[in-house]
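Asks: This is the structure I want to talk about, given as structure tokens.
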2 protein chains.
Amino acid sequence: MAIVKPSLAKGTRDFSPLEMERRNFIFNTLKRIFKKYGYSEIQTPSFENLSTLTGKYGDEGDQLIFKILNSGDYLSKVSDDVLGHKNSVKLIPQISEKALRYDLTVPFARYVVMHQNDITLPFKRFQIQPVWRADRPQRGRYREFYQCDVDVVGSESLLNEAEFILIYWEALRQLGLKDFTIKINNRKILTGIAEILGKPELIVDMTVAIDKLDKIGLDGVNKELLERGFSEADLEVLKPIVLLEGNSQEKLESLKTVLASSEKGLQGIEEIEAVFSYVAAFNVDEGVLGNDVAVDITLARGLNYYTGCIFEVKTNEVAMGSIGGGGRYDDLTGMFGLKNLTGVGVSFGADRIYDVLEELDLFPRTSISSSKVLIVNFDKNLEYYTIPLLASLRHEGIAVELYPIAAKLKKQMSYADAKQIPFVLLVGEEEVKSDVLTLKNMESGDQMKIELATLIEMMKG
Amino acid sequence: MAIVKPSLAKGTRDFSPLEMERRNFIFNTLKRIFKKYGYSEIQTPSFENLSTLTGKYGDEGDQLIFKILNSGDYLSKVSDDVLGHKNSVKLIPQISEKALRYDLTVPFARYVVMHQNDITLPFKRFQIQPVWRADRPQRGRYREFYQCDVDVVGSESLLNEAEFILIYWEALRQLGLKDFTIKINNRKILTGIAEILGKPELIVDMTVAIDKLDKIGLDGVNKELLERGFSEADLEVLKPIVLLEGNSQEKLESLKTVLASSEKGLQGIEEIEAVFSYVAAFNVDEGVLGNDVAVDITLARGLNYYTGCIFEVKTNEVAMGSIGGGGRYDDLTGMFGLKNLTGVGVSFGADRIYDVLEELDLFPRTSISSSKVLIVNFDKNLEYYTIPLLASLRHEGIAVELYPIAAKLKKQMSYADAKQIPFVLLVGEEEVKSDVLTLKNMESGDQMKIELATLIEMMKG
């Protein structure tokens, strides 16, 4: 067996014990909150039949799906024609029938359709699993990364939208973030604007241009709107939209005037108002609706997919793209033949949240090491005195280890240091004689005499 | 977009909310115990460079590795010769450079070598992740399944082996199993027997034959030993080994006589004795060493890999293959150029353990649903009374949901039933007037009047 210099596959990462503790802090926080809102966990397989995934993400997306080579003599049934022309694209379906999950949405749709007779609607599920994309790796973009999705299907109640705002708010606060914006828009408002102008195909161009107001001013935005196909007459109609100001309620009021003639547009506004009034009923802090949630009509995320409210979340504490998003959709399961099933869901970008928490130094200190105590191994003969101590501590559920051999004290202390074990228990001849142990606090350096019962209470507390 | 009838890829599974609760019960039990023994979690990527995996699992194993097709125009640089001959095997390295993880051992070895400057020895890690194998799927055998590995590298102390016995024992008991056997053998004992007979190449044949004693008797075993290449003289030497009886201590004593002339063999016996004496020092129940741990010299698991103690665990409560195994190895990282690093570790077969717990009905009842309470939605006008109740309960960390619309009571009760939500809170006109709520216990069917503060105490308890 030749010796291979080990390396990671491009765009993938190992996670060390410290990184895992931190990642689990994020995942466990999200799971706890999802469950508190009545969501249950499911998981789907890492790979799906290629036919389940192909055609769901556009041509570009299809190319980024990792295909798995068939097993055995996978070339035996390949047509000579395709092979002879070295046609990579046409050959794929002949040598690959499976592919790695690209997101959690399509597998969830498949799940709902396949298990429609087993699940009770509304079906509230969350899913935290890795996905894979053959993107060019770069800073903050990986080929394997986690998605954390939470969705409810089979309920059109806007209470769900309101609860997703609360889930975002509660999760981000519990992760330690203080200043973030949960942006909300409604696809029907964008449809309403398109109706008024008679230019539905230019909706995305419009939002892109309006979004630049802060940078290029009204004249700049108007110039760009003209370049993107709008007329001078359109600019007049759009002006109050471009200049939309004030808090969310004021923005909605202005929009009501602009969209007065569009039933669809007004419906979108009403939906957001209903969501806000649900949120308020939860007796949340004033800051939630007053500051942390904001109407943003430039939000055009997943326009072909979302049909009602649209969400996007960003932190205002560090420069970072969106750390979450989602919305209401009406035809998730249509691709698998189950029509008219509405749903709404949001997603958390765990890898970006990790980077934010790291930059802001928000990870809890206590969650770094598994062991709370290292028992020093002074002498093989003392092991039979120290092992029952070890057993007693573990019996109480305390994570503790005995250094496995009687190495030099310095080496054992370095080990505790490197693993960030907070306490070291010194059990030498003297301690055996007196039955009083010596405990060293590794952070302060303080040493104290302590009896086993007291130590147990202290470590459990 | 054509409508695809959804299906799962062969050999893969979805996990429903109930199945996830049960799987998490297993994983969380294992994690808690691993941490209590000072082990820390790591994760490695789902796919590795093909060169990292190839050649580590034998020819048969190599064929079972799922290869990932290169992205883009993967055929462009393929040699016409290989393509023209439709040589599936030779083409693989030209169109695939990555593959899915086949086990957690090789990626762990790569991890240790790549991070050798960051980790402190002894390095105690656990890893719970899926692995993938292109096996023919059958009952209980999947193409995607989880491995739960716990290993320490860089410590030759037999305290580690003793603690793995305790980890197995504690984990299986906490999962609810009562009758299981943790088999132990030592590679050096097998080497010793081979030394005495001068037939090291027949070690596996020997263990296979001896293992059949219960079924075919001494004559049958001897017949098979002769067929497998042993001589009549060998049979005389092997007789006390074949007929090895009694408890572990008695077996070891008999082996000492047989292996008196083999230094290596005696060393293997001493190692097991040392492990047992460490286990005893933990003040464990008598039943552990007296009954649950058993010397079994037919245990020849991973013979080319393990160098010291070997473990295998089986349950005696249902018919099922081994539910765990492991051992001591001396050259795990040699394949990546880091020599002389000893280690020892064990693995839990989570999927088989799941089947065992299900068959024995050992999964806890309490862990099935996420919500503890469903609040019935009687009327949209009452929502603004019920939502603050919902908020109060969640504020106390209680998982609770409000049915999202005022559907028929029967429908809402069916929903609670299907999700196995234990309590339903009825909040109608009467409750709003009196501020006294009605709580229904879904299991017993009992209804009671209750105030919010009492309800909170009850749900938290």
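Asks: Taking region A:136-163 as the region of interest, how many residues are in contact with a Phe, Trp or Tyr (Cβ under 7 Å, 6 or more places away or on another chain) and either among the polar types (S, T, N, Q) or more than 12 Å from chain B (Cβ to nearest Cβ) (or both)?
Replies: The total comes to 3.
Asks: A follow-up question, please. Could you identify the single residue in A:K77, A:K36, A:K86, A:K5 that is surrounded by fewer than 16 Cβ atoms within 10 Å (Cβ to Cβ), more than 27 Å from B:P6 (Cβ to Cβ) and charged (D, E, K, R)?
Replies: A:K5
Asks: In addition: Of all residues in region A:51-91, count the ones that are within 13 Å of B:I95 (Cβ to Cβ), at pLDDT below 95 and of a type in the set (V, I, T).
Replies: Final tally of qualifying residues: 1.
Asks: Before we move on, is A:T44 surrounded by 17 or more Cβ atoms within 10 Å (Cβ to Cβ), at pLDDT 95 or above and among the polar types (S, T, N, Q)?
Replies: yes
Asks: Can you report the number of residues in region B:397-419 which are within 18 Å of A:K31 (Cβ to Cβ) and in a loop (DSSP other than H, G, I, E, B)?
Replies: 4
Asks: So, one more: When B:R365 is evaluated against the numbered criteria (1) assigned by the TED database to the domain that holds B:G192; (2) more than 17 Å from the chain's Cα centre (by Cα), which criterion, by number, is the only one it fails?
Replies: Of (1) assigned by the TED database to the domain that holds B:G192; (2) more than 17 Å from the chain's Cα centre (by Cα), only one is false for B:R365: (1).
Asks: I've got another one for you. For residues in region B:390-448 being of a type in the set (D, E) and within 13 Å of chain A (Cβ to nearest Cβ), which is nearest to A:E170 (Cα to Cα)?
Replies: B:E396
Asks: Out of all the residues in region B:129-144, is one or more surrounded by fewer than 22 Cβ atoms within 10 Å (Cβ to Cβ), within 13 Å of the chain's Cα centre (by Cα), without any contact (Cβ under 8 Å) to a residue 40 or more places away in the chain and not in a loop (DSSP other than H, G, I, E, B)?
Replies: yes
Asks: Okay, moving on. Inspect all residues belonging to region A:189-199 and state whether any of them is at pLDDT below 90 and farther than 17 Å from A:V242 by Cα.
Replies: Yes, that holds for at least one residue.
Asks: Let me ask something else. For residues in region B:179-221 being surrounded by fewer than 17 Cβ atoms within 10 Å (Cβ to Cβ) and in contact with a strand residue (DSSP E or B) (Cβ under 9 Å, 6 or more places away or on another chain), which is nearest to B:R328 (Cα to Cα)?
Replies: By that ranking, first place goes to B:T181.
This table checks each residue for (1) outside the structural domain of B:W169 (by the TED database); (2) farther than 25 Å from B:T29 by Cβ; (3) not small (G, A, S).
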site	(1), (2), (3)
B:F276	no, yes, yes
B:N283	no, no, yes
B:L332	no, yes, yes
B:G337	no, yes, no
B:G349	no, no, no
B:D355	no, no, yes
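Asks: May I ask you to list the residues in region A:423-446 that are within 14 Å of A:L374 (Cα to Cα) and either among the aliphatic types (A, V, I, L, M) or touching a Ser or Thr at 6+ places or on another chain (Cβ under 7 Å) (or both)?
Replies: If the condition is that a residue be within 14 Å of A:L374 (Cα to Cα) and either among the aliphatic types (A, V, I, L, M) or touching a Ser or Thr at 6+ places or on another chain (Cβ under 7 Å) (or both), then A:V424, A:L425, A:L426, A:V427, A:L437, A:L439, A:M442 are the ones that fit.
Asks: Another question about this same structure. Consider B:G11 carefully, then state whether it is at pLDDT below 95 and either within 30 Å of B:D151 (Cα to Cα) or surrounded by fewer than 18 Cβ atoms within 10 Å (Cβ to Cβ) (or both).
Replies: In short, no.
Asks: Then there's this: Just for region B:316-336: of the residues that are within 14 Å of chain A (Cβ to nearest Cβ) and of a type in the set (A, V, I, L, M), which one is surrounded by the most Cβ atoms within 10 Å (Cβ to Cβ)?
Replies: My answer is B:L332.
Asks: Can you tell me which residue is nearest to the chain's Cα centre (by Cα) among those in region A:236-261 that are polar (S, T, N, Q) and assigned to a helix (DSSP H, G or I)?
Replies: Going through the qualifying residues, I end up with A:S248.
Asks: Failed condition for A:R173, given (1) in contact (Cβ under 8 Å) with a residue 24 or more places away in the chain; (2) under 26 Å from the mean Cα position of the chain (by Cα), with all others met?
Replies: A:R173 satisfies all of (1) in contact (Cβ under 8 Å) with a residue 24 or more places away in the chain; (2) under 26 Å from the mean Cα position of the chain (by Cα) except (1).
Asks: Would you please name the residue that is nearest to the other protein chains (Cβ to nearest Cβ), looking only at residues in region B:278-315 that are β-branched (V, I, T) and within 26 Å of B:D330 (Cα to Cα)?
Replies: B:V279
Asks: Which one is nearest to the chain's Cα centre (by Cα), of the residues in region A:375-404 that are surrounded by fewer than 17 Cβ atoms within 10 Å (Cβ to Cβ) and among the acidic types (D, E)?
Replies: Of everything passing the filter in region A:375-404, A:E396 is nearest to the chain's Cα centre (by Cα).
Asks: Determine if region A:2-19 includes at least one residue that is of a type in the set (D, E) and in contact with a Pro (Cβ under 9 Å, 6 or more places away or on another chain).
Replies: yes
The values are calculated or read from the model by the stated rules, or taken from the named source; none is laboratory data. Predicted, not measured: the structure shown is a model, and the values here were computed from it. Virtual Cβ from ideal backbone geometry, glycine too; neighbours counted across all protein chains shown.
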